[in-house]
Amino acid sequence: MSHFLQSLRDAAPYIHAHRGRTFVVVAPGSVLASASQAALLGDIALLHAMGVRVVLVFGARAQLEQRLEERGIASTLVGGVRVTDESALHELQAAAGALLMQLMGGLSQRLVGSPMAGAQMHVRTGNFVEARPMGLIDGTDFGFSGRVLDVDQNGIRQALAAGDMVLLPPLGFSLTGEVFNLSAHALGGAIAARLQAEKLVVLAPEASALRQRYETQGGHVTPEQAETLAGEEHDVELKAALLAAKEAVREGVRRAHVVDGALDGALLAELFSRDGSGVLVSASPYDVVRRARPSDIPGITLLLKQEASHGTVVPRTRRQLRSTLGRYIVVVRDGLVVATAALTEEPGSGLLAVSALAVHPAYRGRGLAAQVVAFASEEAQRQGLLRLGLRTTQTEHWFLSQGFRRATPDEAALFGQDALAPLRPSWLLVRDLPAAGVTAGVASVGRAGQGLRGRSAVGPDAVEPRAVDPESAAPRSETIDPDPSTL
Ligand SMILES: CC(C)(COP(=O)(O)OP(=O)(O)OC[C@H]1O[C@@H](n2cnc3c(N)ncnc32)[C@H](O)[C@@H]1OP(=O)(O)O)[C@@H](O)C(=O)NCCC(=O)NCCS
């Protein structure tokens, strides 16, 4: 019971965040052919019930191949793309038509005990996609295989705004009235990009194995990494899913998720839990390190309070934090402050002091502190400062691993008065920074070198769309009470 309550409460911020957003879900035929189809449709219906505007694009490759085999029809693939002749197109229409009806049926289910019991959801389909023939490529005529030419964005938007789910087969229609075979991945990606959807979610059978490989970084990869992975991937569906995800993000979709469609509940776990269950493709990992805002104060206070009980940092009251907020930076994941530090310029010392560095215990070992230090280094360099400096009691070795060294007596004199020094003898450490200009790349190399570890490193992964604006915080010049603690 308590586990259920906790899970429901943990999901609540996502339910708020996803409501009214558009998610394009791509379900390849192989996933729909699996035994978990009913559960998957139930979960998609649940998304709709929670206010998500769902466009479900399905593929029918597995079903088409089965029909071709059963009827002894030969069909060729060139570079993984089908050469769709008339008989293949005929079979595809039959396969996609049957699947369309099957999915409509599944999504209409309202039996007692099913996610949509007691509710009614309308599913709309239509000729929303205009296609053109792929044409002749390197001497191969791909026949009725096509590419997306245009998407009736308004039509889809209107259907979604009316509260309907949009269900689309992997087919497009041309000005001349022909029907074309489209890749469901390319179609889903194109629709997500045109609608500027909040998310593209691509279901792939092997996604959980891929996720395991990226567990240390919370399953997050950048579009560049997704492209590399796709190049190495042997599983055709996973390759297509990664490429579609990468492409969608490059086209402006904020997040693309590759989720194991054959794993019961993976879709909901990906979308309604902080750590997800699949692979998340999104842009810059660093945007999320930003200056603290007043809404971060409770999170920072909690983090520092926890650490203060171990004696590694000095606790700050909310009042102290409010008055010195301009110094704080945070790493936020899904609205939770997972790391923080204060940056204070020691006047006339050429030194930017780092204090109150703390990473949430559940998010350690993912490079977050290294990111915070990289941010501090860049900040110092931007201000033309020469060094980072800090006091530490228990964490010296971690800082040594990050390029810090013990301060010389001359350097120690540069540190400001530490109100707590008599009570808490500490090591004084410094990290030299190359001069600005030479250094722009240095901090970046440092960051890149730290790698991406942890989804929170990914940008405002968040409960949701957060424009991260590092400059939006309280001005650095804000000085009220000097922060008494420097640890
Ligand atoms: C120290 C701290 C900031 C590191 O944060 P982090 O995001 O986990 O750091 P990273 O992921 O970059 O590095 C983790 C590595 O540092 C090591 N590490 C953690 N604390 C350490 C310490 N006190 N001394 C030496 N190494 C330490 C971990 O074992 C881990 O090693 P691994 O990568 O070989 O497994 C974090 O552990 C923390 O918040 N500690 C408590 C508060 C604190 O000490 N703050 C510093 C005040 S001056």
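Within the stretch 173-196, being buried (at least 24 other Cβ atoms within 10 Å of the Cβ) and either among the aliphatic types (A, V, I, L, M) or not assigned by TED's automatic domain parsing to the domain that holds Val81 (or both) holds for Leu182, Ala184, Leu187, Ala190, Ile191, Ala192.
Does any residue of the stretch 375-385 turn out to be crowded, with 24+ Cβ neighbours inside 10 Å, in a helix (DSSP H, G or I), within 13 Å of the ligand (Cβ to nearest atom) and polar (S, T, N, Q)? Scanning the stretch 375-385, I find no residue that is crowded, with 24+ Cβ neighbours inside 10 Å, in a helix (DSSP H, G or I), within 13 Å of the ligand (Cβ to nearest atom) and polar (S, T, N, Q), so the answer is no. Determine whether the stretch 222-234 contains at least one residue that is within 19 Å of the chain's Cα centre (by Cα) and over 19 Å from Val253 (Cα atoms). Yes, the conditions are met somewhere in the stretch 222-234.
Rundown of residues vs (1) of a type outside the set (Phe, Trp, Tyr); (2) away from the ligand (no atom under 11 Å from the Cβ); (3) in a loop (DSSP other than H, G, I, E, B); (4) buried (at least 17 other Cβ atoms within 10 Å of the Cβ), yes/no style:
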residue	(1), (2), (3), (4)
Ser295	yes, yes, no, no
Thr301	yes, yes, no, yes
Leu321	yes, yes, no, yes
Leu343	yes, yes, no, yes
Ser349	yes, yes, yes, yes
Gln371	yes, no, no, yes
His397	yes, no, no, no
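Scanning for something exposed (fewer than 14 other Cβ atoms within 10 Å of the Cβ), of a type in the set (A, V, I, L, M, F, W, C) and at pLDDT below 90, does the stretch 450-464 turn up at least one residue? Scanning the stretch 450-464 turns up no residue that is exposed (fewer than 14 other Cβ atoms within 10 Å of the Cβ), of a type in the set (A, V, I, L, M, F, W, C) and at pLDDT below 90.
In this structure, does Leu99 turn out to be among the aliphatic types (A, V, I, L, M), within 30 Å of His18 (Cα to Cα) and assigned by TED's automatic domain parsing to the domain that holds Leu175? The answer is yes for Leu99.
Would you check if Leu229 is among the aliphatic types (A, V, I, L, M) and either buried (at least 24 other Cβ atoms within 10 Å of the Cβ) or closer than 21 Å to Gly59 by Cα (or both)? Taking the combined requirement at face value, the residue does not satisfy it. Hey, does the stretch 163-172 have a residue that's charged (D, E, K, R), in a loop (DSSP other than H, G, I, E, B), farther than 27 Å from Leu89 by Cα and assigned by TED's automatic domain parsing to the domain that holds Leu41? So far as the stretch 163-172 goes, yes, one or more of its residues are charged (D, E, K, R), in a loop (DSSP other than H, G, I, E, B), farther than 27 Å from Leu89 by Cα and assigned by TED's automatic domain parsing to the domain that holds Leu41. Here Leu390 fulfils each of the conditions (1) over 21 Å from Gln320 (Cα atoms); (2) within 7 Å of the ligand (Cβ to nearest atom) apart from (1).
The values are calculated or read from the model by the stated rules, or taken from the named source; none is laboratory data. Worth saying up front: this structure is predicted, and the values here are computed from it rather than measured. Every residue, glycine among them, receives a Cβ derived from its backbone with ideal geometry; neighbour counts consider all protein chains shown.
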